[in-house]
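Structure first, commentary second.
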C-alpha cells in the first residue's frame, strides 16, 4: 500500500508540473502555415527540446516544467526566429511558462529569406572564375550608415555565383579577387550597383544580377615610418584605404599592408590604381588613434615613401555648470570623448573629473570628437558644446559648460507584453522594453511607441515611420524633467495593416 501511495503521489506531482505548449508558425509575408519548421524550447541548463510543425503549421511541446524558456524557430529558407527579438538575429526575451501562459497558444511569424544569382563577366564578355561576391545590407547605427555582411558566394568556371539566405533590406554587392591569366593585372574591388542600393523583399529570387568587371594594373607601394620622439615604430600600424570607401567597410576593401615593426618599413603589393588615404595608427593598451592621415594617388609604383606621424594631442580643460543650473559636485562626474567619422574599432575614452572640475585626456588625434558628461549613476548631463575639432584648436583655457541632467522619461507600455520602445523623431532609436524602462532624451518634442514581438527593421522606412507618428505618444521635454507616461503599444497585426513593402 505504501509503494502504491508513493507511485500515485509521484504521478500526481508529475501531472501537476508537466505542462503543454501549443502554437502555430506562419509565413510573415503570406500568412500561410509553415511545414517542418523546428520549434526549440531551451532552459538555462539542459538540452533544448525540439518539436516539428505539421502541415497546418501547428506544433505541440509536452511534458515541460514551469520556468523561463528561450524559444527559437528554425527552417532553411527562413530567417532564424527568437521569441522576443525585436530585430532578426538579435537577442530575444525569455518566455515564462506556467499554468496560465500555457493556456494561450503561441503564434510565430517567420521571415522568408531571399536569394541573388547571376554571372561575373570581364570586358570581353568572358566569365571570371574564383571571384567572391559579398552581399552587404545597409543599416543605421548611432546616426551613421553602416554595412553588414549578410552572405557571400564564389563564381564557378562559367562565372556563375549565387547567394542565399538573405534577410530583407537595402543592399549593395562587392566583388573581390577573381582569377586572371595576366601577370601584374587584377580585378579591382567593384560595387554593384556602382552607386545607390537595391531593395530585397521577403522571399525575393533575383536571378540575372550580372556584374561586369575590368582589369587594372597592380602597383606596389613601400616606405618607412619614422615615429615621433619618444615613440617606437612598433607602436604604430600602417593602413592604405580607398578614399571613397564607407568607413565600416574598410576591412573588406583595404589593400594589405605588411610592416616590419623593428624598423618601420612597410609594403603593399597588388594595389589597384586609384585615390587612397595612407594612415598611421598609434596603438597600445590605452590608445587607438590616427597619428597621420594623408591623401595619396596610386597610378604607378610608389616606393621609398617616408612618413612621420605627428605626436598625439591632449584635451585639457575644466567643467563648469551653466548659469542657472543646479550645483553638481564635479568630482562625481565623468567625461567621455568619442571620435566622429573614424574607421577605428574603438576611440571612446571615459575619464573621471577632478573635484575642482579639471580633466585631461591624453593621446588624441587631430580629429573631431563628441563630448558627453555623466554622473556616477550614468545619468547624462546636457553639454552646451558637444562636438569639438582638435584639428582647429581650442580656446585656452578650454571650459566645457554643462547644465541640468537630460530629461528622464519612465515608460509604461499600454500592453505589458510590449517587447521594445522606439523614439520615432530624428534618427530612429529602439530600446528593449521592460516593466520600468527609463530613457534619457534630449530636450524637445519626442514621439514614442511601444511594440509587440515584431521586426523593427520596418522603422528604417520613412514611409512607415510617417504612418506611425499619428499613433505615437508625443511629449515635450525640458532640461531636468522627470516624467512618467503611458505609451501606446502596436501589435504585429496593426503593423501588417500598414502595407509595408517587406
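Among 269-281, 218-230, 92-104, sorting by the average number of other beta carbon atoms lying within 10 angstrom of each residue, highest first, gives 269-281, 218-230, 92-104.
A convex hull fitted to the Cα coordinates of the stretch 313-405 yields 93 cubic angstrom per residue.
Protection proxy ranking of 371-379, 193-201, by the mean of other Cβ atoms within 10 Å over each peptide's residues and highest first, is 371-379, 193-201. When Rg and the Kirkwood Rh are both derived from Cα coordinates, the Rg/Rh ratio for the stretch 108-186 amounts to 1.09. Taking 0.36 nm per residue of sequence separation and removing the Cα-Cα distance, the residue 36/residue 74 pair yields an extension gain of 12.7 nm.
Computed packing ranks the peptides 253-260, 473-480 as 253-260, 473-480, most packed first, by mean other Cβ atoms within 10 Å.
Taking 0.36 nm per residue of separation and subtracting the current Cα-Cα distance, fully stretching the chain between residue 231 and residue 376 would add 48.7 nm.
The shape of the chain comes out oblate: with a ≥ b ≥ c from the C-alpha gyration tensor, a/c is at least 1.5 while a/b does not beat b/c. Legend: Rg and Dmax of the stretch 218-307, from Cα coordinates, 12.8, 38 Å. In the stretch 359-386, whose amide N lies under 14 Å from the spot 7 Å out along Cα-to-Cβ of residue 348? List them in ranges. Within reach of a label on residue 348, which here means backbone N under 14 Å from a point 7 Å along Cα→Cβ, the stretch 359-386 contributes 370-374, 378-380. The stretch 59-210 gives an Rg/Rh value of 1.14, both radii derived from C-alpha positions and Rh following Kirkwood.
Considering all C-alpha pairs of the stretch 122-237, those separated by over 22 Å amount to 49%. Model label points for residue 445 and residue 206, set 7 angstrom from Cα along the Cα-to-Cβ axis, are 3.7 nm apart.
With contacts taken as Cα pairs under 8 Å and at least 6 residues apart, the chain reaches a relative contact order of 9 percent.
With a Förster radius of 41 Å applied to the C-beta separation of residue 216 and residue 463, the computed FRET efficiency comes to 0.55.
If you plug the beta carbon distance of residue 158 and residue 303 into 1/(1 + (r/R0)^6) with R0 = 41 Å, you get a FRET efficiency near 0.55.
Each value in this text was obtained by applying a stated rule to the coordinates, not by laboratory testing. Bear in mind the structure is a predicted one, so any value in this text is a computation, not a measurement. As a convention, Cβ positions derive from the backbone with ideal geometry for all residues, glycine included, and neighbour counts pool all protein chains shown.
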